[in-house]
Structure formats: structure tokens, C-alpha cells
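Engineer: Pasting in a structure now, in C-alpha cells, and then I'll have a few things to ask.
The values are calculated or read from the model by the stated rules, or taken from the named source; none is laboratory data. The shown structure was predicted, so the numbers you read here are calculated from the model rather than taken from an experiment. Ideal geometry is used to build each Cβ from the backbone, glycine not excepted, and the neighbour counts take in all protein chains shown. Note: accessible area is taken over every heavy atom of the protein model, side chains too, but ligands, DNA and RNA are not part of it. Shrake-Rupley method; radii C 1.70, N 1.55, O 1.52, S 1.80 Å.
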Amino acid sequence: MNHYSLQEFNLLVKDVLSTNLERSYWIIAEIGQINLHGNGHCYLELVEKENNYVKAKSRGTIWANVFREIHPWFVSQTGSELKQGMKVLLNASLEFHEVYGLSLNIRDIDVNFTIGERERKKQETIKLLESEGIIDMNQSLVLPIVPQQLAIISSESAAGYEDFINQFEGNPYQYQATLDLFPATMQGDAAPQSIIDALHKINESNKNYEAIILIRGGGSKIDLDCFDDYDLCSHLAQFPLPIITGIGHERDQSIADLVAHTRLKTPTSVAEFLIAKMSTFESEINQIQESIGRQTQELLLRQNERINEIKFKWQLSVNQILQKNFFELEQCTHTIEQKPTIIVNHLRANLDHNQKLIDAYDPQNILNKGYSITRLNGKALKNQKVKLGDKIETKTASQIIISTVNKTK
């Protein structure tokens, strides 16, 4: 039986591996840890996971001379630094050292795989938000026509925040609004939780904010990775106030932009958007005011014409009434003037007629015609019985004769 020392065995393994393996292999792995040494070498711990369970692990090294070549190219193409949690496709040869053991000597990294992997993760997050039915929730909220109470999530030292403030407060119309800053980290691994914490503070505030403005200045693609974070985008999508984003990247749309109520390219664009809404509202108010004034003038003109028409008809009616009344008054006057004479004449005629009747029935006139009246005991003698010896009195037109009854028939 052959015996090997450990060194001899490791050298045997090294020889077998170097003899039987290809010069290099393309390997898909996730960066579990990364450490950039001061001498320029980059040391990696590469892992393969399944449901957060590590299935395989290996050390990897990018020597300084290689790192200086591939790293700038990787960043320029992907917009991202190599970082923990990133899945990469790398070209590596297997190195086995009798002291340090197995490691991968990394020669190159496929940037297209990383770009595709980032997009794949982004699409997975979008699909997850869609499956939960929350991706459009914030867009269903109503943004006030002229929002006046605004909560801003940004970094106080960020150029984008300063650009927004200068653009809004320097607007030529002197529009104003309440702008409260809730500071947060706007890039890097700590950004999602920092922004979520700011959202919680806004929600717990006793102010009645009408919208949230999420802004930051421009940056590389890696700076935007935090805005594709599922937890952050889930909070943004479900937040009870409209979210307006101005993350500051002209070409790429983050998932935060996708779930926001309104997506704008830059902080300056957000300020211009708010100013434009206020200007549009003011223009509409002015148009309504002008329309009210115009309609009021037209109404007053029509009413004035109506009043003049009514006044004319009223004056015409008054004149007609006055003319009619004047005619009737003249008739009444004429009647009043003529009536007494007519009445007097009528009464005089009646009086004459009555006088004639009186005269006709006056006993004296009868007596004047030759008649006489005989009275017995002062009463006209008609059917009374007269006895012998009664004294009777006979009146003629000119005298009274007193007689004694001597005989009757």
C-alpha cells in the first residue's frame, strides 16, 4: 500500500486537476461576499442557493491586473458595481494550491448576463406586484387639482432636492405650497428601508398631506437599483397618498416609477409639473370668472331690455287707462253737471202733476163746479139716517147753509 503525505496528496490532486480539466469554464454563481483588498486584488465567496439554502460554495479571486481591466467595463455596461447578492456569469479556471486549497481564478465576467439577470429580477418583482393586485393601487388615487400640503422624501444634501426647491420657490407666478422634507438615504442597500421609514413617519404625522414627492438627483444604474426593491415598491404602491417620483434618470424606468401615481424624469420636472397644474387651475378660474362676467353682462343687458319693454308697455297701459278714465271722468262730469237740472225738472214735473192731482181733488174746486157738501154732526152725509128736526149744514162754494129737517123721503 502506497502512503502519501498531505502535501504529496495535494500535489497529486493538483496535477490530476490541471491535467484533466479545461483551461477555463463559464460558471453561474451568486456573490455571497466580496472584499476588495488594498493591493487591488478582489476576493469573492461564490455560492449557489435554492430557497436561501446554500447548495455549493467556492472561493474566487480576481487578481489586480485583471480587476483593473474588467471592473471598469462591467460598471460602464451594467451601471452597477460588483456587490453581494448579485448573480454573475464568470469565466474562471480551477486553481488548487497545496496549502490554500481549491479556488476559482476569475478571468472575465459576462456583462450581458448581469444586465439580463438584473432585468429578470426586475420582471419577477413586477410580476409579483401584479399577482398581488397592488401594482396599480397608487394610480387609482385622486391627485388634488392644486396640492398644497406636500411631503418630500429626499436627501437634504442632494442636488436634486435643491433643484426642486429652487425651481418651485422661484416660479414666476409666486405660487406657494407647504413643502415638508422627510430625509432618507436615496441610494445603496440602506435606501429601501430608509425610504420606507420616511413613509411611516409621513403616515403617522398629524398633518393632512395631499401627496408624496420622491426625488433624487441623477446617477448611475446601480444608484437606481434600490428603487426596484420589492418591499419599497410594495409600500409605495399601497401608500394611501398619491406618489410623485422624480428619481432623476432620463432613460430607465424603475419599478418605483411604475407603481407611482405620477412618474416624472427629474426633480426639476416635478416642480414644473406642480407649477403647471397651478397655472392651469388659475387659467381655468380666470376663464370661469371672465365667463361669469360676460354672462352677467349679457343677462343684465337682456334684463334691461326686458325692463324697458315692460316700462314701455306699462306706460302705454297707464296712458290708455288715463285716457279711458279721463273720458269716463268727462262723462261723469257732464252727467254731474246735467243731472241736477234733469232731476229738478223731473221733480218739478212731478210736483206739477201732483199739484194738478191735488187741485183736481181739492173740495173747494169741486164746490166751485156747483157741487155742495152736506154734513150731519160734522160728518159728510152719506148713508146716515136723518131724523126730523136734525140740523144739517150744507157748504157751497161761497157759503154755508144751515137747515132743519122737516121732512124726509
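Engineer: With (1) buried (at least 18 other Cβ atoms within 10 Å of the Cβ); (2) in contact with a helix residue (DSSP H, G or I) (Cβ under 9 Å, 6 or more places away or on another chain) as the list, and residue 92 as the residue in question, which single condition is left unmet?
Structural biologist: For residue 92, the exception is condition (2).
Engineer: List, please: which pairs have Cβ atoms under 8 Å, are six or more places apart or on different chains, and start with a residue in the stretch 81-98 that is closer than 23 Å to residue 17 by Cβ and end with one that is surrounded by fewer than 17 Cβ atoms within 10 Å (Cβ to Cβ) and of a type in the set (Gly, Ala, Ser)?
Structural biologist: From residues that are closer than 23 Å to residue 17 by Cβ, the pairs are 91/24; 92/24; 93/24; 96/18.
Engineer: Here is a further query. I'd like to check which strands (runs of 3 or more DSSP E) are fully inside the stretch 365-407 and have at least 3 residues that are open to solvent by 50 Å² or more (accessible area, probe 1.4 Å) and in contact with a strand residue (DSSP E or B) (Cβ under 6 Å, 6 or more places away or on another chain). Let's see the steps before the verdict.
Structural biologist: Details: elements: 373-376, 391-395, 400-404.
Where strands (runs of 3 or more DSSP E) fall fully within the stretch 365-407 and carry at least 3 residues being open to solvent by 50 Å² or more (accessible area, probe 1.4 Å) and in contact with a strand residue (DSSP E or B) (Cβ under 6 Å, 6 or more places away or on another chain), they are 391-395, 400-404.
Engineer: What tally of residues in the stretch 253-265 results from selecting those that are among the polar types (S, T, N, Q) and open to solvent by less than 30 Å² (accessible area, probe 1.4 Å)? Talk me through it step by step, then tell me what you get.
Structural biologist: So in the stretch 253-265, the residues among the polar types (S, T, N, Q) come out as 253-254, 262.
Going one step further and asking which of them are open to solvent by less than 30 Å² (accessible area, probe 1.4 Å), we end up with 254, 262.
Residues that pass the stated criteria total 2.
Engineer: Moving on to the next point. So which residues in the stretch 165-195 are within 26 Å of residue 84 (Cβ to Cβ) and among the charged types (D, E, K, R), if there are any at all? Even if it seems obvious, please write down each step before you answer.
Structural biologist: Narrowing the stretch 165-195 to residues within 26 Å of residue 84 (Cβ to Cβ): 183-195.
Across the stretch 165-195, the qualifying residue is only 189.
Engineer: Can you tell me which residue among 49, 14 is part of a helix (DSSP H, G or I) and among the basic types (Lys, Arg)?
Structural biologist: Numbers: 49 fails: part of a helix (DSSP H, G or I).
Sole residue among the options that is part of a helix (DSSP H, G or I) and among the basic types (Lys, Arg): 14.
Engineer: Of a type in the set (Gly, Ala, Ser), modelled with pLDDT under 95 and under 13 Å from residue 215 (Cα atoms) - does that describe any residue in the stretch 141-153? First the steps, then the outcome.
Structural biologist: Initially, the stretch 141-153 is screened for residues of a type in the set (Gly, Ala, Ser), giving 151.
Pick out the ones that are also modelled with pLDDT under 95 and you get none.
Looking for residues that are of a type in the set (Gly, Ala, Ser), modelled with pLDDT under 95 and under 13 Å from residue 215 (Cα atoms), one finds none in the stretch 141-153, hence no.
Engineer: Also, I was wondering about something else. For residues that are aliphatic (A, V, I, L, M), in contact with a Phe, Trp or Tyr (Cβ under 8 Å, 6 or more places away or on another chain) and either free of Cβ contacts under 8 Å to residues at least 40 places away in the same chain or under 19 Å from residue 261 (Cα atoms) (or both), tally how many sit in the stretch 145-190. Working first, answer last.
Structural biologist: Here is the first cut: in the stretch 145-190, the residues aliphatic (A, V, I, L, M) are 145-146, 150-153, 158-159, 165, 177, 179, 181, 184, 186, 190.
Filter once more, so that each one left must be in contact with a Phe, Trp or Tyr (Cβ under 8 Å, 6 or more places away or on another chain): 145-146, 150-153, 177, 179, 181.
This time we only want the ones that are either free of Cβ contacts under 8 Å to residues at least 40 places away in the same chain or under 19 Å from residue 261 (Cα atoms) (or both), so: 145-146, 150-153, 179, 181.
The total comes to 8.
Engineer: Further question on the same structure: Can you work out which of the residues in the stretch 23-38 that are within 55 Å of the chain's Cα centre (by Cα) and among the hydrophobic types (A, V, I, L, M, F, W, C) is surrounded by the fewest Cβ atoms within 10 Å (Cβ to Cβ)?
Structural biologist: The residue in question is 28.
Engineer: Also: In the stretch 53-71, what residues are of a type in the set (D, E, K, R) and part of a helix (DSSP H, G or I)? Talk me through it step by step, then tell me what you get.
Structural biologist: At the first step, the residues of the stretch 53-71 found to be of a type in the set (D, E, K, R) are 55, 57, 59, 68-69.
Residues satisfying the conditions are 68, 69.
Engineer: Could you list all residues from the stretch 107-144 that are touching a residue at least 40 places away in the same chain (Cβ under 8 Å) and either in contact with an Asp or Glu (Cβ under 6 Å, 6 or more places away or on another chain) or of a type in the set (Val, Ile, Thr) (or both)?
Structural biologist: Hits for the stretch 107-144 are 114, 122, 125, 126, 134, 135, 142, 144.
Engineer: Within the stretch 325-364, which residues are within 30 Å of residue 401 (Cβ to Cβ), in a helix (DSSP H, G or I) and open to solvent by less than 80 Å² (accessible area, probe 1.4 Å)?
Structural biologist: Matches in the stretch 325-364: 357, 359, 360, 363, 364.
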